[in-house]
Amino acid sequence: MASSLRAKVKGVFGNDALDWLDRSYLTDWVVVATFWLFSELANTLPVFERDFYVTDPVINHPHRKSQIGGTLNHFIALLVPAIIVVGVSLFRLSFVTLHHGVLALLAGRGMARVSTNVLKARVGRLRPDFLARCKWDGLAKKCAGKAADILDGRRSFPSGHSSAAFAGMTFLSFWLAGQTAAWCFHAPLPAASFRSSRLGRFSLALVPLWWATFVAVTRLEDYRHHKEDVIAGGIIGVVCASISYLAFWPSPFAPRNFASYDYGQPRLPHTEEDRRRQTAADFELTRLEEDDMDV
C-alpha cells in the first residue's frame, strides 16, 4: 500500500516529489496527533467551580445567540487555510509545499487547542452572561438552569473562538506573506506586472488577521467573553501559529529568504549539501566494510 501511494504521488507531482522526505517527519506527525488527542481529553477535565455573587454586574449580561458559531469558526480557521495551501500546491505540483503547509497548520491549531482547553478547565472563569445561564433560585440557593449551559458558562478564559481563529489565520497570513514577500519590502518582484503591487500583496496577507479580529470582537459583542479572555486567546493562537509556521517555513520578514524570485520554499531538515555529504559517508563506510571482508 505504501509503495502504491508513493507511486501515485510521483505520478501527480513528478519522480522527484519525495526526494526531500525524511524520517523525522513521522515524529512530527505523531506529535501533531498527540496535540489533537490531548485537546479532546482536556475537554473532559473537571471545570473549577469559582464562587460568585448574584449581584455581580460583570457576569449579569444577557445570553445571546453567537454571531459566529463554534463549529463554523473551527472549520473556517482550519479548512480555509488548508484549501488555499492544497490549491496552490496542486497548481505548482509541489508535494513538499502541500505536506509542510498542512503539517504546520495542524500543528499550530492543535497546540493552541490543547492549551486553550486546559486553561478553560483549570481557571474556570465565569462568562459575562453566566447569571442568565445560571437562573439563580433564591430559595434553593443554587442555579436552576441547564447543567450544560452552566458548565459552559464557567469556561470563559481564554476565548476558544479567538484562539482557533488566530491560530488558523495567523498561519495563513504568514504563509501568504512567505509566498508573496508581502511583509519584506526589500524582496525583488517581477517587473511590469499587476501582481507586483506591494500594497496589494501586503493587504492580501492581512485579510486573514482581519477576519480573526472580527471573530474576537463578536465574542465581546455577544457577551460570551471578557476582554482579557479574547486577548489571551488571541495571543495563544498567534504564538502557536508562529512557532509551527517557523518550524517548517522560513521567516516571512527576513530579506535573505527572498534573495531571488524563487521564494516561498519550505524549510527542510537537511540541505542538498548535507544529503551529498551523508551519501558520500555511507559510500566510504560500505567500501571500508568490503575491504575488511576481503582481508
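Read the figures in this text as sums done on the coordinates, not as results from a lab. Just so it is clear, the structure is predicted and the values come from calculations on it, not from any experiment. Here the Cβ positions follow ideal geometry from the backbone for every residue, glycine too, while neighbour counts run over all protein chains shown.
Per residue, the convex hull spanned by the alpha carbons of the range 155-212 comes to 68 Å³. Taking all Cα pairs closer than 8 Å and separated by 6 or more residues, the relative contact order of the range 29-184 comes to 35 percent.
Across the chain, the mean sequence separation of Cα contacts (distance under 8 Å, 6 or more residues apart), normalised by length, yields a relative contact order of 22 percent. Work out the FRET efficiency for Leu26 and Leu246 from their Cβ-Cβ distance, taking R0 = 25 Å, and round it to the nearest 0.05. After rounding, the FRET efficiency stands at 0.75. Each Lys and Arg adds +1 at its Cβ and each Asp and Glu adds -1 at its Cβ; summed about the Cα centre, the chain shows a dipole of about 1740 debye.
FRET efficiency for the pair Arg267 and His61, taken as 1/(1 + (r/R0)^6) with r the Cβ-Cβ distance and R0 = 45 Å, rounds to 0.50. Please name whichever of Ile84, Val102, Pro158 sits farthest to the positive end of the charge dipole of the chain, dipole taken about the Cα centre and charges placed at Cβ: Lys and Arg +1, Asp and Glu -1. Comparing the listed Cα positions along the dipole, Pro158 ranks first. Looking at Ser115, Leu246, Cys143, which one has the Cα that reaches farthest to the positive end of the dipole of the chain (charges on Cβ: Lys, Arg +1; Asp, Glu -1)? The one lying farthest along the dipole's positive direction is Cys143. Counting only DSSP H runs of at least 4 residues, each contributing -39500 (n - 2.57), and dividing by the residue count of the chain, the helix-based mean residue ellipticity at 222 nm comes to -21000 deg cm²/dmol. Two numbers describe the Cα atoms of the chain: Rg and Dmax, which are 24.6, 96 Å.
When restricted to Cα atoms, the range 1-155 yields an Rg and a Dmax of 22.6, 75 Å, respectively.
Exposure proxy shown here: for Cys143, Cys134, Cys240, the number of other Cβ atoms within 10 Å sets the order, fewest to most, as Cys143, Cys134, Cys240. Projecting the Cα positions of Thr27, Leu126, Pro208 onto the charge dipole of the chain (unit charges on Cβ atoms of Lys, Arg, Asp and Glu, taken about the Cα centre) puts Leu126 furthest along the positive direction.
List the residues, sorted by chain then number, that are 5 or more residues from Cys143 or on another chain and whose placed amide H is less than 5 Å from its amide H. Here the answer is Asp137, since their amide H atoms fall under 5 Å of that of Cys143. This model, with +1 at the C-beta of Lys and Arg and -1 at the C-beta of Asp and Glu, gives the range 70-193 a dipole about its Cα centre of some 640 debye.
Computed over the range 54-126, the convex hull of the alpha-carbon atoms projects to a mean area of 6.6 nm². Fewest neighbouring Cβ atoms within 10 Å first, the residues His161, His225 line up as His225, His161.
Under the rule that a partner needs its Cβ under 4.7 Å from the first Cβ, which Cys of the chain have none? Among the cysteines of the chain, those whose Cβ sits 4.7 Å or more from every other are Cys184, Cys240.
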